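Have a look at the structure below, then the notes.
Every number here is computed from the coordinates shown, using simple stated rules; none is lab data. These numbers come from a predicted model, not from an experiment. Cβ: placed from backbone, ideal geometry, glycine included. Neighbour counts: every protein chain shown.
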Amino acid sequence: MALDKPSTERMERIVSLCKRRGFIFQTSEIYGGLNGFWDYGPLGTELKRNLKELWWRRMVRERDDVVGLDGAILMNRQVWVASGHEATFSDPMVDCRNCKSRLRGDQLAKKNGQRQCPVCGGTDLTEPRAFNLMFKTYVGATEDESTVSYLRPETAQAIFVQFKNVLETSRQKLPFGIAQIGKAFRNEINPRNFTFRSREFEQMELEYFCRPEQGLELLEYWLKERLKFYEDVGIASDLLHVHKIPPEERAHYSKGTYDIEFAFPFGVQELEGIAYRSDFDLTQHQNASGKSLDYFDEDSKQRFVPHVVEPSAGVDRTVLALLCAGYDEEVVTDEKGKSETRTVLRFHPRVAPIKCGIFPLLKNNERLVRQARDIADSLRSEMMVFYDEAGAIGRRYRRQDEAGTPFCVTVDFDTIGENGPANKDTVTVRYRDSMKQDRIPIAELSDMLREKIR
Ligand code: GAP
């Protein structure tokens, strides 16, 4: 199916596969769900975890200029006052007087020059009014203005307010970064497109602090690094678009912003923003808290507030992009000439939830079963494997194709030496994408798989 045109049908098939195979479920489904909230099932959890681990590896562990932070979700309300979120983190909300739908005022199509309700088609709409997207809560037993807090709408602010503590304890020098992965919450007016716009989601954010004169160059550097990352997780570059935000559309403090966008079946939409935010955030918090958030440069003996470049990616959006990029249907013909449609998720082995399916040829042969189970157990500490003995081998392959498992290993009579010594202690490895098979010694299996999933 073509990826370039928005396709409702393609998206519906992906959503249906996600539910059928246990990637993503509607939250609280047995009670009718909750709009904008999702639960990840067994395969989705692995996929998401693999993505986050790879991001952490690339952005923190493999560099010596980035350290991690794991901040609290609820913070002092003053954080959100100083950052500007309490006053301005809002979307324009419009009500349809006809069907009572609540709508995003900036996403409405027009009919004969009039704004139109996408639900009922009516044009009797209220004027837009600002709706703050932060979820409000109260900390402690008293519910009044003095105990108000908000579920964080982005992870970035914890990094800014802990800048000095991290700087002093990690003894980093500019330029350096602080990275964080964590939940964020936005009371979106109109959650939509499956998990794309949710009310609870995860972000992977890096705040990379630098001298003012380094900002623009580092913006370009991080754009390249982040594009490399998407290739690394198996998203082909032709599915990605870089959108340079024009000055009039940028936040007032931003000196340059790129959006990395992905061709979802419902249209080309943002995956990640990379923004050069100048010294805005640290200055705001320094002024509001009265605590210095500056940096002393030992070489020049100068004190200044660092500038920052921020690559900010959504975990859930990237998971959705992986599902959309990987989803494929192809007609295959078996040796008897029978055709069928094979559904396959072509995940890169690095992010695939299950790395290897392991099958005994027959489930009622004790030696085959024991050997297959031994292989599965020997690999389990290093990677997610799945032992399956149910049904014909062809069916087992198809089930793993739908789960996106890149390799399947079959233990057959050759493996256990029943057909002579030539192929004893070897197994067949079947490759998901080509469906080709190789025979390899069991002793080489873990090295081969480790190499491919690295
Ligand atoms: N600190 C900067 C920041 O939060 P943003 O563009 O508002 O910037 C960054 O968010 C990323 O977070 C987005 O590119 C997107 O991937 C993800 N994101 C934002 N809102 C989201 C939502 N409602 N549902 C899912 N992901 C979201």
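Some values worked out for this structure:
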quantity	calculated
Relative contact order of the chain, pairs being alpha-carbon contacts under 8 Å that are 6 or more residues apart, as %	13
Taking the stretch 105-257 and dividing mean pair separation by its residue count, relative contact order in percent (alpha carbons under 8 Å, at least six apart)	15
Cysteines without a disulfide-compatible neighbour (Cβ-Cβ under 4.7 Å), the chain	Cys18, Cys210, Cys324, Cys356, Cys408
Simple Cβ-charge dipole of the chain, Lys/Arg +1 and Asp/Glu -1, about Cα centre, in debye nearest 20	860
Computed label-point distance, nm, for sites Tyr431 and Ile245 using a 7 Å Cα→Cβ extension	4.2
Backbone N under 16 Å from the Ser146 label point (7 Å along Cα→Cβ), restricted to the stretch 76-93	77-78
Anisotropy class of the stretch 91-177 from Cα gyration tensor, a/c 1.5 cut	oblate
Partner lysines for Lys173 [C-alpha distance under 22 Å; skip if fewer than 8 residues away on the same chain]	Lys164, Lys291, Lys301
Angle between the chain longest axis and helix 366-380 axis [Cα atoms, degrees, rounded to 10]	30
All-pairs alpha carbon distance profile, the stretch 333-429, 10 Å steps from 0, percent	16, 43, 32, 9, 0
Cβ-derived FRET efficiency at R0 22 Å, Arg171 paired with Arg61, nearest 0.05	0.75
Share of alpha-carbon pairs per 10 Å distance bin for the stretch 261-320, given as whole %	19, 30, 24, 17, 9, 1
Surrounding net charge for Glu298, when Lys and Arg each add one and Asp and Glu each subtract one, Cβ distance under 15 Å	+1
Gyration tensor verdict on the stretch 236-392 (Cα atoms; rounded if a/c is under 1.5, prolate if a/b is larger than b/c, oblate otherwise)	oblate
Quotient of Cα Rg and 2.2 N^0.38 Å for the stretch 1-112, N being how many residues it contains	1.53
Residues Phe359, Phe209, sorted so that the one with the fewest Cβ neighbours within 10 Å comes first	Phe209, Phe359
Cα gyration tensor, the stretch 110-250 - rounded (a/c under 1.5), prolate or oblate	oblate
Neighbour-count ranking [beta-carbon atoms within 10 angstrom, fewest first] of Ile416, Ile260, Ile24	Ile416, Ile260, Ile24
Exceeding the 19 Å Cα-Cα cut-off - candidates Lys52/Lys228; Lys52/Lys355; Lys100/Lys183	Lys100/Lys183
Residues His241, His252 arranged by fewest to most Cβ contacts within 10 Å	His252, His241
P(r) histogram, all alpha-carbon pairs of the chain included - 10 Å bins from 0, percent	4, 17, 25, 23, 16, 10, 4, 1, 0
